[in-house]
Amino acid sequence: MPRIQLRRAVSFSVLFFAAFLLPVAAQQDVPPSFAAIAEKAEPFVVSIEARGRVAAVPPNGANKVPDTDDDVLDFLRRQAPQRPVYHVGSGFIVDRSGYIVTNNHVVSESSRLTVKLDTGEEFTARVIGVDDETDLAVLKIDAGRDLPAAKFGDSEKMKVGDWVLAIGSPFGLAKSVSAGIISQTQRDTPGASAFQRFIQTDAVINPGNSGGPLVNMQGEVIGVNSQIATQTGEFSGVGFALPSHEAERVYEQIVANGRVSRGYLGAYLDSVKSEFAQVYGLGDLRGAFITDIRDKTGPASLAGLKTGDIIVVFNGQAIKSAQDLIDKVANTPPDRAVVIEYLREVGDKLEKKTVTAKLGERPLATATFGDNDGKVLPVDGKAVPEKPFGLTLSTVAAAGEKYKVFEGNPGLVVTDIDPNSYITDVQGAAGVQALSRGDLIQKINRFPVANAAAFASFVSKLKPGDPVVLQILVYNPALKRMQTGLVQFTVK
């Protein structure tokens, strides 16, 4: 016991002494109170009650029966008893005339929306429009007077460690304020769309906070609180907010047009990372690798772009990654003509080309991966690893019945992966494991994979620090089609 007390005393003494050593400016970064910021922000924060009725699950789980005619399912749903829906969420006023931003999941099942203001007044709200890609909704109330409205701040200027406040109605407790810092920016979460790269915060966010604002130290909205990562259903130190630069763009489009319209290229993409750049001799150049042409009658195909092309410039702007290109395309109005500069592999060289494409309108879907031609993978007599990168590989013919989907495609099926292999730590799109059991490896560093011996021979010549790019084929059961992917990492 005395030992524990001593440690506490020492820790306090060090912290107390260090406080006097900090520069005045550093001490001022932590406000003595958040009261002034909360008082500025609370008037534009609202509570939202969403009520409605939806069909309950039909008796005997009828709506889960496979291969049932859609008309029969629809009949069963209509005949099933209705269950009440009641959600409590948050939102914030963004225009003095009564426009409100919240999350779509707060209002999606409702037939009646009630908005409660900071003053305690209640108003019926109507939905102006929603955007599934960002899980945002815009509501409107008619208060008969000007209302206090939030100001959007610049979320792109926020840094890890900056102080923020989360305001909303957790568990129905209106006007609740919590403080924290920005833990990370540009955070992907499982299942998020291409336009949901969140601000992560440790400010307390719980059920009921959804749709409420995350504000900076000037009382400006820099995020819309949307999700939490939890194993209990309650806050565990990890909350996510959609950045204000995306929320403001969505809000403006919904108010102007009733919906969000985004540009569309029609190609699956992956980022050119450092390993890819080394293998392809691109130096510091980055870009977006076309891994597949998604729509054969879409803008990319009509412009002559092909799988394997690397887009490096879009309308005069250098492309940093696949996400960068997705954002730039999405933020360009449909039907707009754009100039695209890209690299195409011709023989042993990459040739720079330019094309003009007319963008379409993006459907509700996401982008992924691609394919291009290479050379013959060399084999030598050097001893080769039995399981290169911890992978067990097989030809399609020998892999078994469940891999017949790959018949006619060259490459090797990954039938097993050593869980201790560092390749399991390599992440692909949306932060998921890049290579999985059941994937078909078609190329390694631009060389087609002919057989396991050739693959292992190539791997045996790699040294720690060497870049590796695996080109894989994955069957997507949801789309009922093959998709190409890239696995990019450095040898350890």
(request) Identify the residue in segment 126-146 that is of a type outside the set (D, E, K, R) and surrounded by fewer than 16 Cβ atoms within 10 Å (Cβ to Cβ) and, among all such residues, is farthest from the chain's Cα centre (by Cα). (result) Gly144
(message) Please determine whether any residue of segment 270-283 is of a type in the set (A, V, I, L, M), modelled with pLDDT under 90 and in contact with a Gly (Cβ under 9 Å, 6 or more places away or on another chain).
(response) yes
(request) Go over the candidates Ala166, Ala149, Ala174 one by one and state the one that is surrounded by fewer than 20 Cβ atoms within 10 Å (Cβ to Cβ), modelled with pLDDT of 95 or more and of a type outside the set (S, T, N, Q). (result) Ala149
(message) Tell me whether segment 227-240 contains one or more residues that are surrounded by 21 or more Cβ atoms within 10 Å (Cβ to Cβ) and either among the acidic types (Asp, Glu) or over 25 Å from Val432 (Cα atoms) (or both).
(response) no
(request) Given the conditions (1) in contact with a strand residue (DSSP E or B) (Cβ under 9 Å, 6 or more places away or on another chain); (2) modelled with pLDDT under 90, report the number of the one that Gly233 does not fulfil. (result) (1)
(message) Going through Ile205, Ile222 one at a time, which residue ends up being closer than 25 Å to Ile326 by Cα and among the aliphatic types (A, V, I, L, M)?
(response) Ile222
(request) Could you name every one of the strands (runs of 3 or more DSSP E) located completely within segment 335-420 that has at least 1 residues being touching a Lys or Arg at 6+ places or on another chain (Cβ under 6 Å) and at pLDDT 80 or above? (result) 337-346, 349-358, 412-417
(request) Scan segment 417-440 and give yes if some residue there is in contact (Cβ under 8 Å) with a residue 12 or more places away in the chain, over 22 Å from the mean Cα position of the chain (by Cα) and under 17 Å from Val272 (Cα atoms), otherwise no. (result) no
(request) Hey, can you tell me all the residues within segment 242-276 that are of a type in the set (A, V, I, L, M) and free of Cβ contacts under 8 Å to residues at least 60 places away in the same chain? (result) Ala256, Val272
(request) Would you kindly identify the strands (runs of 3 or more DSSP E) lying entirely within segment 95-162 that contain at least 1 residues that are of a type in the set (A, V, I, L, M, F, W, C) and under 17 Å from Phe198 (Cβ atoms)? (result) 99-103, 136-140
(request) Within segment 446-471, track down each residue that is closer than 22 Å to Arg344 by Cβ, in contact (Cβ under 8 Å) with a residue 40 or more places away in the chain and either of a type in the set (A, V, I, L, M, F, W, C) or touching a helix residue (DSSP H, G or I) at 6+ places or on another chain (Cβ under 6 Å) (or both). (result) Phe447, Pro467, Val469
(request) Find the residue count for segment 416-434, including only residues that are touching a Ser or Thr at 6+ places or on another chain (Cβ under 8 Å) and within 28 Å of Val346 (Cα to Cα). (result) 1
(message) I want to confirm something. Restricting to segment 434-492 and keeping residues that are part of a strand (DSSP E or B) and polar (S, T, N, Q), which single residue is surrounded by the most Cβ atoms within 10 Å (Cβ to Cβ)?
(response) Gln471
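The values are calculated or read from the model by the stated rules, or taken from the named source; none is laboratory data. These numbers were taken from a predicted model, which means no experiment stands behind them. A quick note on method: Cβ atoms are made from the backbone with ideal geometry, for glycine too, and the neighbour counts reach across all protein chains shown.
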